[in-house]
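To start, the structure itself, in structure tokens.
The values are calculated or read from the model by the stated rules, or taken from the named source; none is laboratory data. Keep in mind that what you see is a predicted model, and the values were worked out from it rather than measured. Neighbour counts run over all protein chains shown; Cβ positions are idealised from the backbone, glycine included. Please note that ligands, DNA and RNA were not included when accessible areas were found on the heavy atoms of the full protein model with its side chains. Shrake-Rupley method; radii C 1.70, N 1.55, O 1.52, S 1.80 Å.
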Amino acid sequence: MDTGNWSQVTEFIILGFPHLQGIQAYLFVLLLLIYLTTVLGNLLVFLVVRLDSLLHTPMYHFVSILSLLELGYTAATIPKMLSNLLREEKTISFSGCLLQIYFFHSLGATECYLLTAMAYDRYLAICQPLHYPTLMTPALCAKIAVGCCLGGLAGPVAEISLVSRLPFCGPNRIQHIFCDFPPVLSLACTDTSMNILVDFAINSCKILATFLLILSSYVQIIRTVLRIPSVAGKRKAFSTCASHLTVVLIFYGSILFMYVRLKKSYSLDYDRALAVIYSVLTPFLNPFIYSLRNKDIKEAVKRQLKRSGILIE
């Protein structure tokens, strides 16, 4: 396409939910409540795990990092979404858009790697319980956490670099609730087939590979648990995995359909709904999944409340 007479786009307009213009104020209140609950819930889980010595185990070490990740993951998108609900001009600069995409995808990739590490931890604890203390050492936990973060931060660099070189000289209205690769690529005034292919390849390696590793871990876990003779033993073994498996199914259930696909066209309402699930609802539900379903964390919360004098027996 000849772009000689066109100017480079310097900002985008994020349309959000155009069909819900009449209830923007209600959406703002609802999203604000969800965001505050997400922040407070994940912060509570992180602090309780860090402050309670009885929770200083590999599993809860990873849980606390996951809670910290969710704080950054939601901070990359929800504050801007809240701001746009109150403004008529829902704009974001080109560089701001790329930064939002980078942090959203890097933290999302880190979460994929961390969920995989948590599955491996559960595999060792259930399938090799006698060797677990010597295998999953604090030093190894720290190395795994650092590796997950570094891998996540490096993940979207190639995609961001390719997008930053594209010419955007026509429409600047992003048909999504925040900046993301598919809706931004659809606005480029040149062929983006290479970007779509690179995006597909990276997401396939990142999302499918980690998901398959998690599934393989749980196949081994299920085989081991089924060999446990007592019903109580089986129930106890499964209970240590229930929270993690629930988070995995919710998180991967949405991102697999969103990012592992080799096409440029997509249903706008379908993608918006998926985006709400993995960017808003999953971080919102995680603290409840790990606290309401977890006896250890509930007991730790009670202990911390007693120590602070808030809860009196």
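Details
- When only the Cβ of Lys, Arg, Asp and Glu is charged (+1, +1, -1, -1), the dipole of segment 170-299 relative to its Cα centre reaches about 660 debye.
- Distance from the Cα centroid of segment 172-217 to that of segment 12-67 is 24 Å (rounded to whole angstrom).
- Label-point separation, A273 to Y132 (7 Å along Cα→Cβ), nm: 4.0 nm
- Between helix 138-154 and the chain: long-axis angle, C-alpha atoms, 0 to 90°, nearest 10: 10 degrees
- Averaged over its residues, the chain has an accessible area of 49 Å² per residue, based on protein heavy atoms and a 1.4 Å probe.
- Listed by chain and number, the lysines whose C-alpha is less than 22 Å from the C-alpha of K143, apart from same-chain residues fewer than 8 away, are K206.
- Cα-based helix-to-principal-axis angle, 94-127 vs the chain, degrees rounded to 10: 20 degrees
- The alpha-carbon of K90 sits under 16 angstrom from the alpha-carbons of these aspartates and glutamates, leaving out residues fewer than 8 places away in its chain: E11, D180.
- Förster-model FRET efficiency, 30 Å R0, L54 and L30, C-beta, rounded to 0.05: 0.25
- Residues with amide H under 5 Å from that of I174, placed H, sequence gap 5 or more: I13, I14, L15
- Phi-derived couplings, Karplus 6.51 cos²θ - 1.76 cosθ + 1.60 at θ = phi - 60°, listed residue by residue for segment 196-201: 5, 5, 5, 4, 5, 5 Hz, with x used for Gly and Pro.
- Mean residue ellipticity at 222 nm, helices only, the chain: -22500 deg cm²/dmol; runs of at least 4 DSSP H residues each add -39,500 (n - 2.57), and the sum is divided by the number of residues.
- Carbon and sulfur %, accessible surface of the chain computed with the full protein complex present, 1.4 Å: 69 percent
- Segment 23-30 - phi-based ³J(HN,Hα) in whole Hz, Karplus 6.51/-1.76/1.60, Gly and Pro as x: 10, 4, 5, 5, 5, 4, 4, 5
- Using C-alpha pairs under 8 Å with a sequence gap of at least 6, the mean separation divided by the residue count of the chain gives a relative contact order of 27 percent.
- Qualifying aspartates and glutamates (Cα of each under 15 Å from Cα of K236; at least 8 residues distant if same chain): D296
- Angle between the chain longest axis and helix 282-292 axis [Cα atoms, degrees, rounded to 10]: 10 degrees
- Cα-based shape type of segment 158-199, given that a ≥ b ≥ c are square roots of the gyration tensor eigenvalues and the cut on a/c is 1.5: oblate
- Charge dipole (debye, nearest 20) of segment 94-215; +1 at Cβ of Lys and Arg, -1 at Cβ of Asp and Glu: 140 debye
- Computed from backbone phi, the HN-Hα couplings of segment 213-223 come to 5, 5, 4, 5, 5, 6, 4, 5, 5, 4, 4 Hz, rounded to whole numbers (Karplus: 6.51 cos²θ - 1.76 cosθ + 1.60, θ = phi - 60°; Gly and Pro given as x).
- Total charge dipole magnitude, the chain, about the Cα centre, Cβ charges on Lys, Arg, Asp, Glu only, Debye to nearest 20: 1240 debye
- Along the axis of the charge dipole computed for segment 137-222 (Cβ charges of +1 for Lys and Arg, -1 for Asp and Glu, origin at the Cα centre), the listed residues G152, L187, A142 are led at the positive end by A142.
- Farthest positive-ward along segment 11-303 dipole, Cα basis, beta-carbon charges - from I250, F103, A76: I250
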